[in-house]
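Engineer: This is the structure I want to talk about, given as structure tokens.
Coordinate-derived values only; no laboratory data. Fair warning: this is a prediction, and the values are worked out from it, not measured in the lab. Counting neighbours? That spans all protein chains shown, and the Cβs are built from the backbone with ideal geometry, glycine included.
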Amino acid sequence: MPRIVSDLVDTYLFRRINARPQFLVLRRRADTAGGEVWQSIHTRVASAESTLEAARRDIQSSTGLVPVRFYTADYIAQFYDHATDAIVLAPALAAQINPKSAVTVGPEYSDYAWCDLEETTSRLIYSAHRWAVRHIYDVIAIGGEDADFYAIEG
């Protein structure tokens, strides 16, 4: 029987340029697992840290960025990991980035891009990730009272 685990967090970074949201996508190096795939930030949560701490840690190591605000994206990605016979539940967070901040790509990545909604969703290969980005765009990234409701830090 598969076990249920929740030891991952997906974090979607966005910024606003002239009130228009853009999402950061990172391209994995060809010689890494899932090579040359565009993605957002996905990390394992260590036993001694919270989901938010894990997200903050991986954002820093993967991009050099420090979010100005975190939001819960009100979404849990779920998938079956056949290698471990586990059903994995990964909460999604959104992290707002200062538009003047510079990206420093971490060692697992070969490139990055700030993209509008359509370009972001066209680069992401997993439907759960595309859904999360669309939801974050509609509810959080464009700003307003709805976005404030989802703020968890910052």
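Engineer: Out of region 37-58, which residues are surrounded by fewer than 20 Cβ atoms within 10 Å (Cβ to Cβ) and assigned to a loop (DSSP other than H, G, I, E, B)?
Structural biologist: Passing the criteria: V37, A46, S47, A48, E49, S50.
Engineer: Among the residues of region 4-23 satisfying the criterion of being assigned to a strand (DSSP E or B) and of a type in the set (A, V, I, L, M, F, W, C), which is nearest to the chain's Cα centre (by Cα)?
Structural biologist: Of everything passing the filter in region 4-23, L13 is nearest to the chain's Cα centre (by Cα).
Engineer: Just to verify a result, which residue in region 51-85, among those that are among the small types (G, A, S) and farther than 16 Å from V103 by Cβ, is nearest to the chain's Cα centre (by Cα)?
Structural biologist: A55
Engineer: List the number of the failed condition for D31; all other conditions in (1) free of Cβ contacts under 8 Å to residues at least 60 places away in the same chain; (2) surrounded by 13 or more Cβ atoms within 10 Å (Cβ to Cβ); (3) acidic (D, E) hold.
Structural biologist: Checking D31 against (1) free of Cβ contacts under 8 Å to residues at least 60 places away in the same chain; (2) surrounded by 13 or more Cβ atoms within 10 Å (Cβ to Cβ); (3) acidic (D, E), the one that fails is (2).
Engineer: While we're here: Determine which single condition V66 fails, assuming it passes every other condition in (1) buried (at least 20 other Cβ atoms within 10 Å of the Cβ); (2) in contact with a Ser or Thr (Cβ under 8 Å, 6 or more places away or on another chain).
Structural biologist: Failed condition: (1).
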